[in-house]
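*Asks:* Here it is: the structure, laid out below.
The numbers here are math on the coordinates, done by the rules we state, and not lab data. Computed from a predicted model, the values in this text were never measured in an experiment. Every residue, glycine as well, gets a Cβ built from its backbone with ideal geometry; the counts of neighbours run over all protein chains shown.
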Amino acid sequence: MKLILKNGFVYDPLNGINGEKMDICIEDGKIVEDVKDAKVIDCSGKVVMPGGVEIHSHIAGGKVNVGRLMRPEDHIKNVMPKTRLTRAVNGYSTPSTFLTGYLYAKLGYTTAFTAAMPPLMARHTHEELHDIPMLDKGALTLMGNNWFVMRYLKRGDVELAAAFVAWLLKAAKGYAIKVVNPGGGEAWGWGRDVRSLDDPVPHFDITPREIISGLAKVNEMLSLPHSIHLHANNLGRVGNYVTTLETMEVPNGTKPARERQVVQLTHAQFHSYGGDSWRTFASEAESIAKAVNNNENVIIDIGQVVFGDTTTMTADGPMEYYLSSLTGLKWANKNIELETSPGVTPFVYSKRSPVSAVQWAVGLELALHIKDPFKVLLTTDHPNGAPFFKYPTIIAWLMSARYREETMKEVHGAAQKNTTLATIDREYDFYEIAVITRAGQAKSLGLAEKGHLGVGADADVAVYDLNPEEVDPSRDYKLIEEKFARTSYTIKGGEIVVKDGEIVKVVDGRTLYIDAKVDEGLERELMRDIDYYFKRFYSVNLANYPVQEVYLTNPTPVQIDASNVR
Amino acid sequence: MEITLITGRTVAQGEAMEKGKTGEDFKRACAVIELDPEDMSKLGAYDGDEVRVRTSEGEVVVVAKKSRDAPHPGVAFIPMGPWANVIVGGDTESTGMPPFKGIKAEITLAKGERVLSAEELIAQVYKLKE
Amino acid sequence: MQEVVLTPKEQPSYGLIAECISCDVFAGKSIEEIEALPVYYGNKQGKLGDFFDVSGEVASSAEEMRIVIAGDVTKTRWIGREMSAGEIVVKGSAEMYVGAWMRGGRIVVEGDVGAFSGMLMRGGELRVEGNAGDYLGCSYRGEWRGMSGGTIIVEGNAGMEVGQNLNGGRIFVKGSVESFAGVRMKKGLLVVGSATDRVGAQMTGGTIVVLGSILRLLPSFDFAGEVENPEIDGESFEGVFKKYTGDHAERNAKGVLYVRKE
Amino acid sequence: MHRYTDVICSFCGTLCDDIEVVVEDNRIVDVKHACRIGTAKFFASNDYEHRILKPMVRKNGKLVEASLDEAVERAAEILKSATKPLLYGWSSTSCEAHSVGIELAEELGGVIDNTTTVCHGPSALAIHDAGYISCTLGEVKNRADLIIYWGANPMHGHPRHLSRYSIFPRGYFRERGQQDRELIVIDVRKTDTAKIANKFIRVNYGEDYELISALRKVVNGGELHQESVAGVPREEIIALAEKMKNAQFGVLFFGMGLTQSYGRHRNIDNAICLVRDLNTHTKFVIMAMRGHYNVVGFNEVLSWQAGFPFAVDMGRGFAWYNPGETTANDVLQRGECDAALIIASDPVSHFPRKSIEHLAKIPIIAIDIHPTPTTQLADVVIPSAIVGIEVDGTAYRMDAVPLRLRKVKEPPEGVLSDVEILRRILAKVRGEQLAAKAEVAR
């Protein structure tokens, strides 16, 4: 399909374009310089941005489905019958796969990475990704409690660790190294946790600090597109900001092999808490923001909270246990052999709760205190802070101090008292919104053809019915909220998939994964060791472990030459 | 004699099922009732005797077998399959699950009566469509 | 009060979803509009008029509205769903989900109701003169915040799991109830004539009163003395009752169970 | 001759993946490592005498051979003219087939349900209320020192469960295998599994719930006043509670002895809560002993596609779920459905009489490998290939670990996979040409 998006206000931060009126030309799924005989879409008076890129969202896999299995009451919400084009859908905090694709497309998103894939369950993750239409996809692969990783790093064999990571990414068809509560997942195999960076992992004689720094090193040895993606220890605990600050220092000795950070500290909101009990629970967002501002190696995504009913889910098993014991609500847990230990429990963020109110403020504080928008990515850690389709509300809060003030009036006074949010008058503009929802995410993920509208980029575009010359986001925040929820057009791979907020075409995206080659001799050594371990300690044979390419929609390997690793 | 009837899986039933349900193996594995030895002597039945099992839903003739899992007086077991299910009750009590275990049943001797094959049983109980 | 009479014609064997039978929906409509309201059976959509003769006077507001169903509708479901005001009288028996998500008003069924009736009620009154099925006044599957307000009164018996996850409101069953009455109950009052077993299973709060006997008490309830003519939630009960607390299978359970002393 | 290693057995939820199969001239001539039932299944694929080889359509009261096109056409006609078709079975076929089946149910506005409805449907109901505190089977092998089977008899239902995952294997932290573990069996009968246990606890029939409540009370620090509960003396209950609290890693496997007996889902609800209570003292997990090799797969696919694990009514174009209303046996017993498509299952053998009495009155399409009482009652019978022997496909183990089953031999001539048969029916129902693309995995 050939298209010209005519005369829109274009926000393309990676190419330094800030609201200029221009045309975007599309041919064969790519942005091109010029195009003839194309269908013209009039974008005058509208905002044009690259398609949104989701860097961290629990949209597919075992624990998402446990969330669905556990919460039928979540699936009598958002119920929509099948249409000629779309499937029957339902689900609020754990939407069905089809709905996930449709909803992202309506928000103008065209790419999404699922946040945590255990390799043993990778086939499941890919089965669900297969059934999520409209998006290009990838999966962050859990490694922070992997027995092989811990063994190799413990004995200082970083090369073998790198070879293993390369093998594992290919076997699981994963895209990046995800680290969740390093060491804590293994400790949870015995009902325990690790509570500081130097707490040794039971039986493995390694510390979270060593796991983080080791994997950061491995990541750069392999020169992977994304940095390590780190869910730090002590998530959700009172006073955890101390651990978070320490954690940021850990990979400082490692130089990035690409133009990006060394670590993305994910859902930082859940890691920026002060106080010494739930009674004195307070924000330390300012301290965290300051550290991020001063650290070239670290970026964060927010993990913003929006009030309402949701389902929390994470590979941080001990944390989910802790949370469910606070609420008394139903709780699912799944220890996965040699790899990780996810958990799931429902949660209600109540405006009347002092803790929820502070959590809500913390995310916004982080976004507003961190100066460089490329260091702050918009997430809700879907569905942990809120379902992803609440992004428009968060965008409106960031663009309007007045909206924040209005909300502040409705929530518990702790938000006013125990955070700095009320003192901040910064307001994001469209350019900065484009950074935190697409440009910054694409940059962090190392996706050269996404998150921008330069020639050669993927023709993924979102058009919003907002005229920057007429709309004052600070005042018209309700309009911002409304228009970011339904694009005028979403263009995916050069095809119009959403028009006026409705799905007009259903497409399958691509699935990206890392295919990194290391030295053959090193790989042979690795395979001998893995073989021994599999036979004895896994419950599946090695031959049945790797995910076949047939599970991926339009499988797209990202070739990495790491043969210098030996 | 009054008993509490339980139905369930056995390895023989599983094995026979995989070979198809029309064979003798399947009947041999499923058209049986495992009884507590004491219950058997009370009933006057020996291993291999035919007995009639009757519930509120219907009745079926199966072969009595001495249970190897005894003692469990008053509790009897029929492997899952058509013989068990023509006498299993229906009410799921709004859960979807019929009562496959814990059915009140009456057992009487039926020595010499023919145990129907699965095919015969189905044809007899559920009138085949014309 | 104005009255619309629905006279049942033949009901489909597939089960009829007639959530439109509600004073909120009828109010302000013409008889023709009411006849044209959608009902569902299997994969088909039909009109209310296909299954009921509609006659009478329609009120302009739900408060002023009474709907009379003139006979048995044992294949019709979801009568009075989410109703907020007015009155429905069923002069016969109805099937599942009568008064589900009801917020106000009153529903009287002169015969029996099927399972899941009064599901997740928040207000109003559901009165059943016959028997109720399983899951009377229950929550939806997985929803821990069950029925939270309103009153259910059953003159006859009720089935399994009456008041499952009850989180407020009152349920009175004059006859007997099957197993698991008040299971996972958190708040509210459940009064039954007599009960079988597992009364109050896994309850953490609220009160259950058994006016007659129970077949068997769970081992996780503790005897807490005898009480004469107890007054509970503003209701007074005559006679001597044995008081139990539980379900102590749960940590910090604060449920109370009264069983009349024989 | 070809020797296949790492073959996955498609019989039960244990999904053993270490089977060796030797195939010669498209016949399986040797099977290694499989249990009795698994071995029987592999060899039975050779036995064309006990297979259905040709489609059949009922004419003048008799099933007669028909072409595949005719059978598919007749099936589509039956389904299209139905007001409330029931699509049932699914547990012995691949997730790829489930996916097409769910789309078909949506297209038809039918009710779709699988055998979960008669095995662990109550477990699903319990999970809705209580959650699910579980693990993968390798965790049991590597860590567990206390293993309890409650109302489950794996020696019969899952013959290699004990040797691959629970009692016998040596694990990372259990180097001596069985010697490092303790096995307790709780059941109404002293089953073959109970006979090899370190301890057998006999519970009165129908009183499991009371026993669990008593255990929970003790675990949570309460005092037990009764001399005995459910036939188990107080001292024994207290000792069991202590043992559970003091395990390093305990696991409670439960089977249909809990789900099908008095109390049903509440037995499981209470058991999950017991495990939750135990986690305040130690590490403890619980797992359902799932029967059919891909009963879990159906629950997974239906959950991510339609939001619910089983028993979904698509009548209004969206999914509505409420077991008791939308479950196969209830729909049948209320006489609601007017046609049925039965695939990879035999409800006529395994459903209670009342359900079958209605099923016998309505047109049935049966897709299966071999003749069963269900095909006997059917109006259209379509033979299918065996997943994991004759076609590839995905299945989920009882612990929801997904595996790719592999083809080791060709199906009988002209016999298609479930996926292909369903795709043809779906295309016919829609009045579309069959999409040209070959059978893809997902």
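*Asks:* With no solvent and one equal point scatterer per Cα, compute the Debye intensity ratio I(q)/I(0) for chain A at 0.08, 0.09 Å⁻¹ and report its log10, rounded to two decimals.
*Replies:* After summing over all Cα pairs, the log10 values are -0.48, -0.62.
*Asks:* Continuing with the same structure: How big is the dipole moment of region C:148-262 about its Cα centre under a simple scheme where the beta carbon of each Lys and Arg is +1, that of each Asp and Glu is -1, and everything else is neutral? Debye, nearest 20, please.
*Replies:* Charge dipole of region C:148-262: 300 debye, to the nearest 20.
*Asks:* Quick one: of B:21/D:190; A:137/C:44; A:46/A:77; C:91/C:261; A:483/A:505, which pairs are farther than 26 Å apart, Cα to Cα?
*Replies:* The pairs that break the limit, which is 26 Å between Cα atoms, are B:21/D:190; A:137/C:44; A:46/A:77; C:91/C:261.
*Asks:* Considering only DSSP states other than H, G, I, E and B, which trypsin sites (Lys or Arg not before Pro) in region A:65-147 qualify as loop sites with at most 11 other Cβ atoms within 10 Å?
*Replies:* When the trypsin sites (Lys or Arg not before Pro) of region A:65-147 are filtered for loop state and at most 11 Cβ neighbours within 10 Å, A:84 remain.
*Asks:* If you don't mind, there's one more thing I want to ask. Amide H neighbours of residue D:16 under 5 Å, counting only residues 5+ apart in sequence or on other chains, H built in-plane at 1.01 Å?
*Replies:* Answer set, sorted by chain and number: D:9.
*Asks:* Counting only C-alpha contacts under 8 Å and six or more residues apart, can you give the relative contact order of chain A as a whole percent? If you can, show how the numbers build up before the last one.
*Replies:* Working: 1447 pairs, mean separation 114.9, N = 566.
Here the relative contact order equals 20 percent.
*Asks:* Also: Could you give each residue of region D:271-285 its phi-based ³J(HN,Hα) in whole Hz, using Karplus coefficients 6.51, -1.76, 1.60 with θ = phi - 60°, and x for Gly or Pro?
*Replies:* 5, 5, 5, 4, 5, 4, 4, 5, 5, 6, 9, 7, 9, 8, 9
*Asks:* In addition: Quick one: what are the phi-derived ³J(HN,Hα) couplings along region A:301-312, Karplus 6.51/-1.76/1.60 with θ = phi - 60°, whole Hz, x for glycine and proline?
*Replies:* Values, residue by residue: 10, 6, x, 5, 9, 10, 4, x, 8, 9, 10, 8 Hz.
*Asks:* Turning to a different aspect of this structure: Residue A:371 to residue A:510: extension gain in nm, 0.36 nm per residue of separation minus the Cα-Cα distance?
*Replies:* The residue A:371-residue A:510 span can extend by a further 46.7 nm.
*Asks:* Please arrange A:410, D:420 by how many other C-beta atoms lie within 10 Å of their C-beta, fewest to most.
*Replies:* A:410, D:420
*Asks:* Related question: Within a 10 angstrom radius of the beta carbon, how do A:147, A:360 rank from fewest other beta carbons to most? Don't jump to the answer; show the numbers that get you there.
*Replies:* Values: A:147 18, A:360 30.
The fewest-first ordering by Cβ neighbours comes to A:147, A:360.
*Asks:* Rounded to whole Å, give me the distance from the Cα center of region C:156-229 to that of region C:1-46.
*Replies:* So the two Cα centres are separated by 36 Å.
*Asks:* How much FRET efficiency would the formula 1/(1 + (r/R0)^6) give for residue C:30 and residue D:204, where r is the Cβ-Cβ distance and R0 is 60 Å, rounded to 0.05?
*Replies:* 0.45
*Asks:* What does the charge count around residue D:198 come to, taking other residues whose C-beta lies under 13 Å from its C-beta (Lys +1, Arg +1, Asp -1, Glu -1)?
*Replies:* On the way: positive: D:181, D:195, D:199, D:243; negative: D:145, D:180, D:182.
Charge balance near residue D:198 sits at +1.
*Asks:* Let me ask something additional. Would you mind working out the magnitude of the charge dipole of region A:52-456 relative to its Cα centre, with +1 at each Lys and Arg C-beta and -1 at each Asp and Glu C-beta, to the nearest 20 Debye? Present the calculation step by step, with values, prior to reporting the outcome.
*Replies:* Working: 41 positive and 40 negative charges, 178 e Å.
Taking the Cα centre of region A:52-456 as origin, the dipole is about 860 debye.
*Asks:* Further question: When A:551, D:209 are ordered from fewest to most other Cβ atoms inside 10 Å of their Cβ, what list results? Provide the component values of the computation, followed by the final result.
*Replies:* Working: A:551 23, D:209 29.
If I rank by nearby Cβ atoms, fewest first, I get A:551, D:209.
*Asks:* Show me, for region A:316-333, the HN-Hα J-couplings you get by feeding each phi into the Karplus relation (A = 6.51, B = -1.76, C = 1.60, θ = phi - 60°), rounded to Hz, glycine and proline as x.
*Replies:* Going residue by residue, I get 8, x, x, 5, 5, 4, 4, 4, 5, 6, 6, 8, x, 7, 4, 9, 10, 9 Hz, with x marking Gly and Pro.
*Asks:* In degrees between 0 and 90, to the nearest 10, how far off the longest principal axis of chain D does helix D:295-306 point, with axes built from Cα atoms?
*Replies:* Tilt of helix D:295-306: around 70 degrees.
*Asks:* Moving on. Can you give the % of DSSP beta bridges in chain A that are antiparallel, to the nearest 5?
*Replies:* In chain A, approximately 50 percent of DSSP beta bridges are antiparallel ones.
*Asks:* Expressed as a whole number of Å, what is the distance separating the alpha-carbon centroids of region A:243-319 and region D:268-289?
*Replies:* Computed from Cα coordinates, the inter-centre distance equals 32 Å.
*Asks:* Under a Cβ-Cβ cut-off of 12 Å, what is the net charge of the residues other than residue A:59 that fall near it, where Lys and Arg count +1 and Asp and Glu count -1?
*Replies:* Around residue A:59, the charge tally is -1.
*Asks:* Is there a simple number for the mean count of other chain Cβ atoms within 10 Å of the Cβ of residues in D:361-373, and what is it? Spell out each step's value before the answer.
*Replies:* Working: counts 3, 1, 1, 1, 0, 0, 0, 1, 2, 7, 6, 9, 12.
Partner-chain Cβ atoms within 10 Å, mean over residues of D:361-373: 3.
*Asks:* OK, next. Residue D:64 versus residue C:226, label points 7 Å from Cα toward the beta carbon: distance in nm?
*Replies:* My value for the distance between the label points is 8.1 nm.
*Asks:* Here's a follow-up. What is the calculated FRET efficiency for residue A:287 to residue C:74, with r their C-beta to C-beta distance and R₀ = 60 Å, to the nearest 0.05? If you can, show how the numbers build up before the last one.
*Replies:* Details: r = 66 Å, r/R0 = 1.11.
The formula returns an efficiency of 0.35 here.
*Asks:* Loop-only trypsin sites (Lys or Arg not before Pro) in region A:332-432, please: DSSP not H, G, I, E or B, and at most 14 other Cβ atoms within 10 Å.
*Replies:* When the trypsin sites (Lys or Arg not before Pro) of region A:332-432 are filtered for loop state and at most 14 Cβ neighbours within 10 Å, A:351, A:352, A:371, A:426 remain.
*Asks:* When only C-alpha pairs under 8 Å and at least 6 residues apart count, what is the relative contact order of region A:111-215, in percent?
*Replies:* After rounding, I find 27 percent.
*Asks:* With labels modelled as points extended 7 Å from the Cα through the Cβ direction, what inter-label distance (nm, one decimal) is found for residue A:327 paired with residue A:409?
*Replies:* Result for the modelled spin labels: 3.0 nm.
*Asks:* Could I ask something else about it? If I build a Gaussian network model for chain C, linking alpha-carbon pairs within less than 10 angstrom, which residue out of C:224, C:115, C:195 has the largest mean-square fluctuation?
*Replies:* Largest GNM mean-square fluctuation: C:224.
*Asks:* Under 10 Å, Cα contacts only: if you run a Gaussian network model on chain D, which one of D:256, D:287, D:155 comes out with the highest mean-square fluctuation?
*Replies:* In this elastic network of chain D, the residue with the biggest mean-square fluctuation among D:256, D:287, D:155 is D:155.
*Asks:* Can you tell me the dipole magnitude for the protein assembly as shown around its Cα centre, using point charges on the Cβ only (Lys, Arg +1; Asp, Glu -1), in Debye to the nearest 20?
*Replies:* Computed charge dipole of the protein assembly as shown: roughly 1700 debye.
*Asks:* A further question on this structure: Which net charge results when you count Lys and Arg as +1 and Asp and Glu as -1 among the other residues whose beta-carbon is under 9 Å from that of residue A:345?
*Replies:* Local net charge: 0.
*Asks:* Using 1/(1 + (r/R0)^6) with R0 = 56 angstrom and r between the beta carbons of residue A:1 and residue D:1, what's the FRET efficiency to the nearest 0.05?
*Replies:* E between residue A:1 and residue D:1, to the nearest 0.05, is 0.60.
*Asks:* Further question: Roughly how many whole Å is it from the C-alpha centroid of region D:35-84 to that of region D:356-397?
*Replies:* Rounded to whole Å, the Cα centres lie 6 Å apart.
*Asks:* Using label points projected 7 Å from each Cα along Cα→Cβ, tell me how many nm separate residue A:39 and residue D:245, to one decimal.
*Replies:* Between residue A:39 and residue D:245, the simple spin-label model gives 6.9 nm.
*Asks:* While we're looking at this one, here's another question. Near the amide H of residue C:68, under 5 Å away, which other amide H atoms are found, from residues 5 or more places off or on another chain, if H is placed in the peptide plane?
*Replies:* C:4, C:5, C:6, C:89
*Asks:* While we're here: Of the DSSP beta bridges with both residues in region C:148-262, give the percent that are antiparallel, rounding to the nearest 5.
*Replies:* So the antiparallel bridges in region C:148-262 amount to around 35 percent.
*Asks:* Moving on to the next point. Across peptide D:278-287, what mean number of C-beta atoms from other chains lies inside 10 Å of a residue's C-beta?
*Replies:* 3
*Asks:* Using Stokes-Einstein with the Kirkwood hydrodynamic radius over Cα pairs, what translational diffusion coefficient do you get for chain D at 4 °C and a viscosity of 1.567 mPa s, in µm²/s rounded to a whole number?
*Replies:* 57
*Asks:* Looking at region D:121-288, what % of its DSSP beta bridges pair antiparallel, to the nearest 5? Kindly include the intermediate steps, with their values, before the conclusion.
*Replies:* On the way: 2 of 22 bridges.
Just about 10 percent of them are antiparallel.
*Asks:* Please compute, over every Cα-Cα pair in the protein assembly as shown, the percentage with a separation greater than 66 angstrom.
*Replies:* Cα-Cα pairs of the protein assembly as shown separated by over 66 Å account for 7 percent.
*Asks:* Before anything else, pin down the relative contact order of region D:300-442: Cα pairs under 8 Å, at least 6 apart, normalised by residue count, whole percent.
*Replies:* 12
*Asks:* Take residue A:21, project a point 7 Å from its Cα along the Cβ direction, then tell me which residues of region A:463-506 have their backbone nitrogen under 19 Å from it.
*Replies:* Taking a point 7 Å out along Cα→Cβ of residue A:21, the residues of region A:463-506 whose backbone N falls under 19 Å are A:463-472.
*Asks:* A further question on this structure: Note the full-extension length gain between residue A:195 and residue A:249 as 0.36 nm times their separation in residues minus their Cα-Cα distance, in nm to one decimal.
*Replies:* The residue A:195-residue A:249 span can extend by a further 17.7 nm.
*Asks:* Placing +1 on the Cβ of each Lys and Arg and -1 on the Cβ of each Asp and Glu in the protein assembly as shown, which of A:317, D:184, C:156 has its Cα farthest towards the positive end of the resulting dipole?
*Replies:* So the residue furthest toward the plus end is D:184.
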